[in-house]
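Worksheet: one structure, shown below.
The numbers here are math on the coordinates, done by the rules we state, and not lab data. All values derive from a computational prediction rather than experimental measurement. In this analysis, Cβ positions are derived from the backbone assuming ideal geometry, glycine residues included, and neighbour counts consider all displayed protein chains.
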Amino acid sequence: MSTIPAQQACFSLDGEDVPFAEGETLIQAATRAGRYIPHLCWHPEFAPHGSCRLCSVKVNGRAASACTAHAAAGLEVESNTEELNAYRKTLLQMLFVEGNHFCPSCEKSGNCLLQATAYEMGMESPHFEEFYPNRPVDASHPEILLDLNRCILCELCVRASSEVDGKHLFAIGGRGIGTQLIVNSPSGKLGDTDMALSDRAASVCPVGVILRKRQGFSVPIGQRRFDGRSLSEQVQESAP
Ligand code: SF4
Ligand code: FES
């Protein structure tokens, strides 16, 4: 267990001190300290997006997003509470019914942040009626498959393609339940873009939308990232 130097500024997370560096957000500091705060649209390599609300916490009794709220000395942050976890579970259930998520047949099963977070939050059923939206699968690219049925609109691929790859291949279009990921090409097909497997956008998707072709199930179910250890255990183990 790490010892916090006496002069190190800290905030309290569920009653325990978490040290932070100037400018860090609550989730950055918590993650570095091995404390798991649920999240979907946050990724340590990218600026926060603040859209999924999974990282909702209470800061001095008021609602905030841990991925956008900055750490400050003396803050009292609540995260792992019955109320907040129930809220997160409802958000997850809504995400599951808004898309078409069939985990047992999905190549990303066991490596999927949505699935792992649902397990973490004790989600056992979708609870709400399924929407079963009609979403396309785009197999036009020779090396990359795009299955929009599983998209959670986290915009990580949008950010990766513009900020890292400099290609601006993805955007979010439509409104309401019709909101979906769109491909910036004349035909709207991925095959009409210069996307490459080496692009950051090709490997950033936390769920099973952007997949490399011809390597399905190369790692057997049972040996994948979240099969052995939960998300929170992995965050805990990654702490120095
Ligand atoms: Fe997020 Fe993946 Fe959808 Fe892109 S394709 S918005 S990375 S879920
Ligand atoms: Fe903070 Fe998505 S992780 S809003």
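Label-to-label distance, Asp194 versus Arg229, with points set 7 angstrom from Cα along the beta-carbon direction: 4.1 nm.
In the range 162-240, what chymotrypsin sites (Phe, Trp or Tyr not before Pro) fall in a loop by DSSP, with at most 16 other Cβ atoms inside 10 Å?
Phe217
By other beta-carbon atoms within 10 Å, ranking Met123, Met195, Met94 with the fewest at the front produces Met94, Met123, Met195. Each of Arg212, Arg62 was scored by other Cβ atoms within 10 Å of its Cβ. Arranged with the fewest first, they read Arg62, Arg212.
For the chain, the longest principal axis of the Cα atoms and the long axis of helix 82-98 meet at an angle of about 0 degrees.
Positive end of the dipole of the chain (Cβ unit charges, origin at the Cα centre): among Phe20, Leu75, Tyr132, the Cα lying farthest that way belongs to Tyr132. Under the convention that each Lys and Arg Cβ holds +1 and each Asp and Glu Cβ holds -1, the size of the dipole of the range 171-240 around its Cα centre is about 180 debye.
If each residue of separation counts as 0.36 nm, what is the full-extension length gain between Cys103 and Glu237 once their alpha-carbon separation is subtracted?
Once the chain is fully extended between Cys103 and Glu237, it gains 45.6 nm.
With contributions of -39500 (n - 2.57) from each DSSP H run of at least four residues, the per-residue ellipticity at 222 nm computed over the chain stands at -5500 deg cm²/dmol.
Treat every Asp and Glu Cβ in the range 64-164 as -1 and every Lys and Arg Cβ as +1, leave all other atoms uncharged, and give the resulting dipole magnitude about the Cα centre to the nearest 20 debye.
Approximately 160 debye in magnitude.
Structure shown: which of Lys108/Lys213; Lys89/Lys213; Lys167/Lys189 lie over 20 Å apart, alpha-carbon to alpha-carbon?
The pairs that break the limit, which is 20 Å between Cα atoms, are Lys89/Lys213.
If you place +1 on the Cβ of every Lys and Arg and -1 on the Cβ of every Asp and Glu, how big does the dipole about the Cα centre of the chain come out, in debye to the nearest 20?
I would put it at about 500 debye.
For the pair Ser51 and Ala21, a Förster radius of 30 Å applied to the C-beta separation gives a FRET efficiency near 0.75, rounded to the nearest 0.05. In terms of surrounding Cβ atoms within a 10 Å radius of their Cβ, Leu26, Leu113, Leu91 rank from fewest to most as Leu91, Leu113, Leu26.
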